[in-house]
1. Which residue pairs have Cβ atoms under 6 Å apart, sit 6 or more places apart or on different chains, and have a first residue in the stretch 62-83 that is in contact (Cβ under 8 Å) with a residue 40 or more places away in the chain and a second that is in a loop (DSSP other than H, G, I, E, B) and open to solvent by 70 Å² or more (accessible area, probe 1.4 Å)?
2. In the stretch 334-347, what residues are open to solvent by 30 Å² or more (accessible area, probe 1.4 Å) and assigned to a loop (DSSP other than H, G, I, E, B)?
3. Within the stretch 288-298, track down each residue that is polar (S, T, N, Q) and touching a helix residue (DSSP H, G or I) at 6+ places or on another chain (Cβ under 7 Å).
4. Kindly list, by first and then second residue, each pair from a residue in the stretch 322-333 that is in a helix (DSSP H, G or I) to a residue that is modelled with pLDDT under 85, limited to pairs with Cβ atoms under 8 Å and residues at least 6 apart or on different chains.
5. With the requirement that a residue be more than 23 Å from the chain's Cα centre (by Cα), assigned to a loop (DSSP other than H, G, I, E, B) and not hydroxyl-bearing (Ser, Thr, Tyr), what does the stretch 409-444 give you?
6. Just one of the numbered conditions (1) touching a residue at least 40 places away in the same chain (Cβ under 8 Å); (2) under 30 Å from Ala203 (Cα atoms); (3) among the polar types (S, T, N, Q) is not true of Gln256; which one?
7. Select from the stretch 157-185 the residues that are surrounded by fewer than 19 Cβ atoms within 10 Å (Cβ to Cβ) and either more than 24 Å from the chain's Cα centre (by Cα) or part of a strand (DSSP E or B) (or both) and list them in ascending order.
8. Kindly indicate whether Ser350 is at pLDDT below 95, hydroxyl-bearing (Ser, Thr, Tyr), part of a helix (DSSP H, G or I) and open to solvent by 50 Å² or more (accessible area, probe 1.4 Å).
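The values are calculated or read from the model by the stated rules, or taken from the named source; none is laboratory data. None of the values given here were measured: they were computed from a predicted structure. Quick reminder, even Gly has a Cβ in these numbers, built from the backbone with ideal geometry, and neighbours come from all protein chains shown. The protein model used for the area step is the full one, side chains on, heavy atoms only, and it has no ligands, DNA or RNA in it. Shrake-Rupley method; radii C 1.70, N 1.55, O 1.52, S 1.80 Å.
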Amino acid sequence: MGGLFDRHIAIRLKDQAVLRLEHNGALLFNRATGDLIELDREASWMVANIKAAEVVATDALFRRDLFCQGRKMNRQSIEVLLGRLIRSGMLEVLPDGILKAETDLMFQTLCRQQMEWPEKDQISAPETVHWALTYRCTADCHDCYMQRHKHLFTYELNTRQAVAVIDKITATGVFQLAIGGGEPLSRADLPLLVSHAASCGLAVHVTTGCHDMAPALLKRLASHIKVMQIGVQADDMLANAAYADRLKRLAAQLDQGGVRYGANLVMNRSGIRNLERSVHTLASIGFLNQTLLRYKPPARIERWIAEKPGVADFEALELKLHDLTDCAPDLQIRIDCALSFLLRRWPEQSAFAQGIKGCTAADRIMALAPDGSVYPCSQLVGTGLMAGNLSQDEFSVIWNHPVLRRYRTFRSGPDFIAGTCGSCPAKNFCGGCRVFAPDALGSDPGCPEPGGLFPDRPQLTGQMPEAADACSYPAWLRNGCNPERTIP
């Protein structure tokens with residue numbers, strides 16, 4: 001921040017910044033942007049006290065020695081923290097001259113604040129709840145994984161029950177609600193539910209495959225959602241001009257409504273092969289934010305056999321991502337957690353600083369089915385994976401259910417430790433995806449190991465591991481979506 005802290009400035013924590021204490025410190029969430037920062041205990045103590053004091057002058061801050069849990073805080077580390085919070089938009093620098101005379105009184109208030117961190121050595125609640133509000137959908141997309149388990153749910157919560165679930169989610173300290181489906185726009189009460197969630201302080205995201213959106217509906221949603229993610233069928237977009245035209249009209253509508261939006265692209269074999277064309281076509285339409293999703297097993301095994309990527313495909317994707325970020329700096333390309341192995345060559349500290357966590361099932365995320373049933377993530381759905389029902393059970397009981405505890409701590413489980421993921425340097429910020437592990441707990445056989453491509457870029461020599469080369473679903477999916485059954 002240069003010499004910003006060498007003079008008197010007044011700072012305050014913005015109203016949109018929400019602090020949630022955790023065992024090792026705190027999570028600081030920006031409702032305005034959806035950004036989240038992890039803080040250790042010293043940093044969380046400082047932020048909590050700035051929040052309590054309302055306005056703090058930095059010259060008063062640095063005139064005294066500060067102690068957290070008996071340890072003196074270092075001025076340089078405080079400046080780094082404050083600079084990071086200012087850049088992230090969490091901390092506001094007030095106009096010159098504010099509170100010059102009252103700084104000592106404010107700082108005395110700050111120094112008296114005490115902290116009590118949660119005792120349990122686990123996150124107190126997920127950051128985000130993923131809610132498949134309905135499994136109804138008329139699109140019949142080739143690669144939809146929802147068809148695997150929609151037969152398990154013959155009921156979906158009504159409006160009153162859904163509102164009660166939102167209230168329960170809010171009370172736990174959850175920051176974000178990600179609504180999907182099926183097709184969530186098929187629910188007539190979606191605007192009401194989104195409005196209620198936003199009024200409760202939740203940052204609401206909606207994922208839809210609908211490309212023809214009624215202006216009245218969009219207007220009702222626009223002021224209450226942070227981001228709308230649009231599912232895109234890349235093959236159709238590249239082959240059909242009418243499909244691309246619909247996306248162009250939708251992008252114009254979203255721009256006019258002031259809605260932030262992005263596109264979801266599935267990385268099956270054809271999706272990887274045509275990635276550059278898809279990305280640039282979407283960018284020309286207006287979709288500068290694009291998320292790449294790992295190809296999950298669809299309902300039809302024949303489709304899975306034809307389109308599941310192999311090691312060479314993932315190595316090619318790794319190269320393509322590197323080139324895309326070099327040649328198109330305006331693009332914001334994200335990868336979902338199931339593709340975290342594409343970043344396995346990152347230093348662990350750099351990965352954590354960028355918020356890369358890998359698999360966070362039953363930890364940073366929790367999934368709800370249409371009837372309120374709770375699962376570790378939206379992909380780990382099936383018999384033996386339910387942890388309760390949020391419309392009926394207390395959150396504390398669900399959050400401490402053995403199923404969620406098992407996935408929350410999968411990296412310390414024997415199946416994971418004994419596998420290739422357990423010995424990988426990237427295990428703490430990747431760990432692979434549980435969906436692809438034969439027993440839904442161990443190593444991910446789809447990772448293009450050994451090694452990686454960057455920075456030295458060796459030849460593409462990876463061979464498909466035997467377990468990933470099987471022309472069928474992962475074993476636990478073959479067993480009727482029940483990982484607890486004996487795997488043949």
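1. Gly83/Met1
2. Of everything in the stretch 334-347, those that are open to solvent by 30 Å² or more (accessible area, probe 1.4 Å) and assigned to a loop (DSSP other than H, G, I, E, B) turn out to be Arg345, Trp346, Pro347.
3. Selection gives Gln290 alone.
4. His322/Leu453; His322/Phe454
5. Gly413, Ala418, Gly419, Pro438, Asp439
6. (1)
7. Answer for the stretch 157-185, where residues must be surrounded by fewer than 19 Cβ atoms within 10 Å (Cβ to Cβ) and either more than 24 Å from the chain's Cα centre (by Cα) or part of a strand (DSSP E or B) (or both): Asn158, Thr159, Arg160, Gln161.
8. Numbers: at pLDDT below 95: yes; hydroxyl-bearing (Ser, Thr, Tyr): yes; part of a helix (DSSP H, G or I): yes; open to solvent by 50 Å² or more (accessible area, probe 1.4 Å): yes.
Yes.
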